[in-house]
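Each remark here refers to the structure printed beneath this line.
The numbers here are math on the coordinates, done by the rules we state, and not lab data. Keep in mind that what you see is a predicted model, and the values were worked out from it rather than measured. Glycine gets a Cβ as well: all are built from the backbone with ideal geometry, and neighbour counts include every protein chain shown.
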Amino acid sequence: MYKPFEEIGNSFYLVSYDSIFFFTSDAGVINQIVSRREAFPRPVESYTLLNVFGRNLVSTEGEVWKRHRKIISPNVNEKNNALVFTESIYEAQQMLNTWVRKKGRTIKDISEDTMRMALHIITQVGFGVKLYWPGSESKEQTKLDNVLGEGHSMSFAKSIDVTLSNLLLVLLAPTWFISTYSQS
């Protein structure tokens, strides 16, 4: 990873027909870039794919970014970092337990399980909703699976599962398609 810097130097530009990229390994330069947001705006057009759930901290700049950051900042602290860490350990153990229950079967692709683990962490830490792994012996899961909010046709757990299972489709499909599909 560091090889280009060894050959070219601490900082260099990569120029293509439509873009200019700046690469640096200099900590002082990196500090200047990240601490002076207005002088070094991100190419938010590269992040429009993430707007499927609305404009957000990653896909905005300027005043809109500041508003999103102000809302999010109180939740980014040591207490929540500890909660994320604790929940990550718990979810990793649950994932491993799920694998152990498969006795003798080879696990060829862990991407679905790791996405499920990440979503479980997000729902617990962000929304206070505990989700359980398929096959777990939990009476709470049965209750959660059957709870429907007013005006909703699927439970929170089911909606998270459907979103997880179709995340690529949700991110890549045109908005009109998602609107039509979600109403049927």
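May I ask which residue of 75, 19, 8 lies farthest towards the positive end of the charge dipole of the chain, with charges of +1 (Lys, Arg) and -1 (Asp, Glu) on Cβ and the Cα centre as origin? The Cα lying farthest towards the positive end belongs to 75. Ranked by the mean number of other Cβ atoms within 10 Å per residue, highest first, peptides 3-11, 49-57 order as 49-57, 3-11. In the chain, helical runs assigned H by DSSP with n ≥ 4 each contribute -39500 (n - 2.57); averaged across all residues and rounded to the nearest 500, the mean residue ellipticity at 222 nm is -16500 deg cm²/dmol.
Annotation: extensible slack from residue 86 through residue 18 equals 20.0 nm (criterion: 0.36 nm per residue apart, minus Cα-Cα distance). Using a simple spin-label model with pseudo-atoms 7 Å out from Cα toward Cβ, residue 111 and residue 50 lie 2.0 nm apart.
Multiplying the residue separation of residue 127 and residue 103 by 0.36 nm and removing their Cα-Cα distance gives an extension gain of 5.3 nm. Taking a ≥ b ≥ c as the square roots of the eigenvalues of the Cα gyration tensor, an a/c ratio of 1.5 or more together with a/b no larger than b/c marks segment 1-40 as oblate. Taken along the Cα-to-beta-carbon direction at a fixed 7 Å, the label points for residue 10 and residue 150 span 6.1 nm.
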